[in-house]
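Colleague: Dropping a structure here in structure tokens format, bear with me for questions.
The values are calculated or read from the model by the stated rules, or taken from the named source; none is laboratory data. Keep in mind the model is a prediction, meaning the values are calculated, not measured. Glycine also receives a Cβ, built like all others from the backbone with ideal geometry; neighbour counts cover every protein chain displayed.
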Amino acid sequence: MTGYLLMIEVDFEKYGLSHLAGKEIQNWDDSDIDKLIAAFVAENIAPAIPGISFTPQKIGYLLALSHCRRCGKCCLPNPNDPGHPEIIVSEEDLRRIAKHTRRSYTKLRRKARMNTDPTLPHMRHIPLPCMFYSKGDCQIYTVRPKVCSNYPIRPLSGEVGITVDVRCDYGVDIYKTILDYLRRGSEGWLFR
Ligand code: SF4
Ligand code: SF4
């Protein structure tokens, strides 16, 4: 599983990582991992880690490994990923935000686009740049949508696993810690 999860869509040769092909992760050094993360960023890939289930306990544990720098990258369109300029919000998110900001829930709901994905019923989209991003910060940080409070971790589409956005230092910290667990062979309960 380890080889699969680290080789996703990255051309090792292109990024000077050919020596890692077929090499056990226990033998990777820190500079290899820095280069790999740089390659993910350059290719606009949020690396996938199959096997870690997206449960509140595990995600909460991983998020607590570091902290959000509130850099706003996840609140603005990603110039390298023009296909996903929005965040998903639930009705519960919208109600919480409306209450906190004393806005009309109905008006807020109208501003959030209808979702057309049948696999995500009862969800809406807020286009990016996010309407709540202002003065270089999230103005509703304590009541932000669930998808934002889970960021930079997202569920892996179509199978059990997660992706970690390594465009921000928060994601880099989390991803490196997971790799460290794998390198030491101490990933244990995370993958159960
Ligand atoms: S989750 Fe990452 S990208 Fe989003 S604001 Fe925090 S540090 Fe920045
Ligand atoms: S709700 Fe806040 S954290 Fe989420 S995208 Fe908008 S500004 Fe960013």
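Colleague: Taking Gly158 as the residue in question, decide whether it is free of Cβ contacts under 8 Å to residues at least 24 places away in the same chain, more than 20 Å from Gly60 (Cα to Cα) and in the same structural domain as Ala42 (by TED's automatic domain parsing).
Modeller: yes
Each row is one residue, and each column tells you yes or no for (1) within 14 Å of ligand 2 (Cβ to nearest atom); (2) of a type in the set (D, E, K, R); (3) under 18 Å from Ile33 (Cβ atoms).
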{"site": "Ser149", "(1), (2), (3)": "yes, no, no"}
{"site": "Glu159", "(1), (2), (3)": "no, yes, no"}
{"site": "Asp165", "(1), (2), (3)": "yes, yes, yes"}
{"site": "Ile178", "(1), (2), (3)": "no, no, yes"}
{"site": "Leu190", "(1), (2), (3)": "no, no, yes"}
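Colleague: Report yes if some residue within region 81-88 is within 11 Å of ligand 2 (Cβ to nearest atom) and either modelled with pLDDT of 90 or more or touching a Cys at 6+ places or on another chain (Cβ under 7 Å) (or both); otherwise report no.
Modeller: Among the residues of region 81-88, at least one is within 11 Å of ligand 2 (Cβ to nearest atom) and either modelled with pLDDT of 90 or more or touching a Cys at 6+ places or on another chain (Cβ under 7 Å) (or both), which makes the answer yes.
Colleague: Further, regarding this structure: Quick one: how many residues across region 25-84 are away from ligand 1 (no atom under 15 Å from the Cβ), exposed (fewer than 12 other Cβ atoms within 10 Å of the Cβ), assigned to a loop (DSSP other than H, G, I, E, B) and assigned by TED's automatic domain parsing to the domain that holds Val10?
Modeller: Result for region 25-84: 2.
Colleague: Among the residues of region 88-126, which ones are in contact with a Lys or Arg (Cβ under 9 Å, 6 or more places away or on another chain), closer than 19 Å to Ser149 by Cβ and part of a strand (DSSP E or B)?
Modeller: Ile88, Val89, Ser90, Arg124, His125, Ile126
Colleague: Within region 123-146, work out how many residues are more than 11 Å from ligand 1 (Cβ to nearest atom) and touching a strand residue (DSSP E or B) at 6+ places or on another chain (Cβ under 7 Å).
Modeller: Of the residues in region 123-146, 9 are more than 11 Å from ligand 1 (Cβ to nearest atom) and touching a strand residue (DSSP E or B) at 6+ places or on another chain (Cβ under 7 Å).
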